[in-house]
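Worksheet for the structure shown next.
Bear in mind these aren't lab numbers, they're just calculated from the coordinates by the rules spelled out. Given the structure is predicted, the values throughout are model-derived calculations rather than measurements. In this analysis, Cβ positions are derived from the backbone assuming ideal geometry, glycine residues included, and neighbour counts consider all displayed protein chains.
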Amino acid sequence: MGFFVRDLHRQIEQLYTQMNIGDSLIVYRGQGIIHSEFQKLKKSQAGLLSFNNFLSTSTDRQVAALYAESASQNPDLIGILFQMEIDPTVSTAPFVSLDNISHFGDQEKEILFSTHTIFRIGKMEQVQDHVWIINLILTKDDDVQLMCLTRHMRKMTQQPTAIHRLGSLMIKMGEFNKAKEIYTTLLERTSDNDRQQRAQVYHQLGFINAAGGELTSALSHYQQSLKIYLTYMASDDPQLSPTFSNTGSVFKQQGDLERALQYFEHALYIDLHSPQSNRLKIATDYNNIGGVLHDKDPSHRGNLAKYNIQPNCPEGI
C-alpha cells in the first residue's frame, strides 16, 4: 500500500510537469459531509482548507452536482458542491487529467490532485434544501497567510516537513483521527531508508494511539520507533527520552509495572545526563517512577532523591 501511494504521488508530479497548462480552470467535487463538519466549514470562511487524501474532481459541473444531490438525501449529511478555481500560473500544486486513464474514460472528465492540496474557502451559498455550493481557490505558492501559518507551525512543532507540521497541529487541536490519517499517509510515503522520519512518524502514531486508548498499537509503534532510532543513535541520546517515557506510560496503563519502571528509569538516566538539563522533565521522570512504585506497593515510602538509576537500556526493543 505504501508503495502504491508513493508511486501514485510521483506519477501525478511527473505527468503534471508534462502537461501544457496555461489558462485557469474550474473543477468541481460533489460529496456529503456531516452537520458538525459543515458548521466548522461555515465558521472557517476565508480560511484555509486541506484535503488529506488524493482529491478527485471533475470539470463537468453536472457530474459533481449529482454526487452532492445524492448525498443530500441522507438526513445526516449536507450535500456540498465544491467549485474550485485553479490558476496553474501561481501555484505548483500537482494535478493530472485522467481522461485517458480512468475506468470511465472521459465520461466524468476527472482531474486528480495529489494529497494535502490546500485551498482558501471563498463564497458559500445554499442552492436548495441541504445542498450548498462552496467556492474554493487553490492557494498561491506565495500566499501570505499560508506562509505565516507554515512559519508559525514550524516554530511551534519543530517538524521538518509541512505534512509533519499539519499532523502535529492536529494533535495539538485534539483531532486525533485526522492526525492518524496524516501520519499514516506520511509513513506510506516515506522511504525505508529515511530512518529519522520513519522513527518520528512511528513515535507520533504511538502518541495518537495512546491518546485513543489503543494501547497495543501504541506500544507497537513506540517500540518500532525506538528500534529504528537505536540503529543510528546511542541509547542515552537526549532525543530518545520522550519515547522511553511514553513507552513506560503505556506499560503502566497495561499493568506491566516492571517494564514501565525500566523505561521510566532509562528516561530519567537520559535526562539526568543530558548536556542541557531540563528540571521539568527530570521532575516528571521522578513522578512517573514514584507512581509505579506506589502501584507496586502503596505503603512504599522510599526516598526518590536517592533512587539508584542504572545506565541500562531496557531489553526487548
Hey, can you rank 269-276, 124-131 by average C-beta count inside 10 Å, highest first? 269-276, 124-131
For residue 43, counting only aspartates and glutamates whose alpha-carbon sits under 19 Å away and dropping same-chain residues fewer than eight positions off, the answer is 125, 175
In whole Hz and in residue order, list the ³J(HN,Hα) couplings for region 221-227 that follow from phi through the Karplus curve 6.51 cos²θ - 1.76 cosθ + 1.60, θ = phi - 60°; x for Gly and Pro. 5, 4, 5, 5, 4, 5, 4
Listing 36, 72 from the residue with the fewest other Cβ atoms within 10 Å to the one with the most, what is the order? 36, 72
For a quick check: sort 15, 226 by the number of other beta carbons within 10 angstrom, fewest at the front. 15, 226
Cross-link pairs 42/123; 252/296; 227/296; 178/252; 180/227; 140/180 - those with Cα-Cα distance over 19 Å: 227/296; 178/252; 180/227; 140/180
Is the shape of region 148-306 rounded, prolate or oblate, going by the alpha carbon gyration tensor and its root eigenvalues a ≥ b ≥ c, with a/c under 1.5 for rounded and a/b larger than b/c for prolate? prolate
What are the residues whose amide H is under 5 Å from the amide H of residue 122, where those residues sit 5 or more places off or on another chain and H is modelled from the backbone? 46, 135, 136, 137
Label-point separation in nm, residue 294 to residue 216, each point 7 Å along Cα→Cβ: 3.0
State the extension gain, in nm to one decimal, for the chain segment bounded by residue 129 and residue 277, taking 0.36 nm per residue of separation less the distance between their alpha-carbons. 47.2 nm
Under 14 Å, Cβ to Cβ, from residue 199 - net charge with Lys/Arg +1 and Asp/Glu -1: 0
